[in-house]
Amino acid sequence: MTGTLAAIGAGLAVIGAGIGIGNIGSKAMEAIARQPEVVGDIRSNMILMAALIEGAALIAIILSIFVK
C-alpha cells in the first residue's frame, strides 16, 4: 500500500510541476509579445522560476519515495 501512495504522490508532483512550468512559459510568451524590448529580463526570470518549480517537484518526488 505504501508503494502505491508513493507512486501517486510522485505522479501528482510531476503533474503539478508540468502545469506550473507550462503556465510560466505561456505567460512569458504573452509578456514578450506585449513588450519585446524586455525579452532578456523576462526570459531569465522564466528560466529561474522554472528551475525553482522543478527543484520543488524533485524534492516532493524524493520525499514521496523515501518517507514512509
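Brief remarks on what is shown
- Take the Cα of VAL14, step 7 Å toward its Cβ, do the same at VAL38, and the gap between the two points is 3.6 nm.
- With neighbours defined as other Cβ atoms within 10 Å of a residue's Cβ, the residues GLU30, GLU37 order from fewest to most as GLU37, GLU30.
- Nearest 10 degrees, 0 to 90: helix 39-66 Cα axis against the chain principal axis: 0 degrees
- Global size of the chain as Cα Rg and Dmax, reported in angstrom: 15.7, 53
- Angle between the chain longest axis and helix 2-34 axis [Cα atoms, degrees, rounded to 10]: 0 degrees
- This ranking places SER64, SER26 by how few other beta-carbon atoms lie within 10 Å of each, fewest first, which gives SER26, SER64.
- Computed helical MRE - 222 nm, the chain, DSSP H runs ≥ 4 contributing -39500 (n - 2.57), nearest 500: -32500 deg cm²/dmol
Laboratory data are not the source of any read-out in this text; all were calculated from the coordinates shown. Here the structure is a predicted model, which means the values were calculated and not measured. Quick reminder, even Gly has a Cβ in these numbers, built from the backbone with ideal geometry, and neighbours come from all protein chains shown.
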